[in-house]
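This report concerns only the one structure given below.
The numbers here are math on the coordinates, done by the rules we state, and not lab data. Note that this is a predicted model, so its numbers are computed, not measured. Heads up, the Cβs are rebuilt from the backbone with ideal geometry, glycines too, and the neighbour counts pull from every protein chain shown.
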Amino acid sequence: MKTSLITGVGRGIGKALAQRSLAEGFTVIGTTQTGTADYSHANLQIFKLDLSSPQSIAECQKDLCGTGAKPDILINNAGVLLDDEETHLDADKLRQTLEVDVIGTADFTEKMLPSLAPDGHVVFLSSQAGSITDMDNIGDSHYPYHYPAYKIAKCALNMYVRTLAARLVHEGSDTIVSAIHPGWVKTDMGGDQAPVTPESAADAIFKLATSRPETGQFWFNGKKFAW
């Protein structure tokens, strides 16, 4: 039985991913900020993780390593959007966003890498918002200057994906590293007007996570997405 480690499984895409993985026969190790979830399964374990806290990250790693599990897949789903609809950069919100979406996510990943299966797959939920190329393709109607802290953070996360993938190749590792844009998803973050359901987004992410694509790439709907 394969094992998935998924952050942020309490709601939205993370919850849908956990439930899809369980339905496919995976053992799922999930994290939430409280260490609890409103659903259960014989093959589901939930651990507490606050990506804004280095202490919480270290404690979660210790707890996860204590299980002896060797996850085949790590899906970094947890993240924050703190400046939705804002058009001017708020330095405090930028710091908070970077702490969770980039620094905490990278810290957790680095700590868990030695515990992953040798041919594992690390997947990061990125966003179209982090694509520099895409900024050149969208018009004023798409508000390219909105939520700047989130855009900056996802762009930085994309570079971590690239550097991590390159490093692992250099080290001779068989671990694949991928970023994925899930689309505009109907979650607390995406809002009620979003056209994509969490289940549909989870389906695309699960398919990527359980495949062996070219490492160090950015994906959307099964195709490479521009950085």
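Annotations
- Cα→Cβ-extended label distance, 7 Å offset, between Thr163 and Trp184, nm: 3.2 nm
- Environment charge of Ser53, counting only residues whose C-beta is closer than 11 Å and scoring Lys/Arg +1, Asp/Glu -1: -3
- Which listed pairs, of Lys151/Lys207; Lys48/Lys93; Lys2/Lys224; Lys70/Lys207; Lys70/Lys93, have C-alpha distances above 29 Å, in listed order: Lys70/Lys93
- Efficiency of FRET between Glu171 and Glu110 - r from beta-carbon atoms, R0 22 angstrom, step 0.05: 0.95
- Extension gain from Ser200 to Arg11, taking 0.36 nm per residue of separation minus the Cα-Cα distance: 66.6 nm
- For the pair Ser52 and Gln33 in one chain, pulling the backbone fully straight at 0.36 nm per residue adds 5.8 nm over the alpha carbon distance.
- For the chain, the antiparallel share of DSSP beta bridges with both residues in that region comes to about 5%.
- Local electrostatic count, Ile176, Cβ distance below 10 Å [Lys/Arg +1, Asp/Glu -1]: -2
- Once the C-beta distance of Asp84 and Lys224 is scaled by a Förster radius of 25 Å, the resulting FRET efficiency is 0.35 to the nearest 0.05.
- In this simple spin-label model, placing a label point 7 Å from the Cα along the Cα-to-Cβ direction at both Gln193 and Lys207 gives a separation of 2.8 nm.
- Cα centre as origin, Lys/Arg/Asp/Glu Cβ charges: segment 41-124 dipole, Debye: 520 debye
- Here the spin labels are modelled as points 7 Å beyond Cα on the Cα-Cβ line, and at Ala117 and Ser40 they lie 2.8 nm apart.
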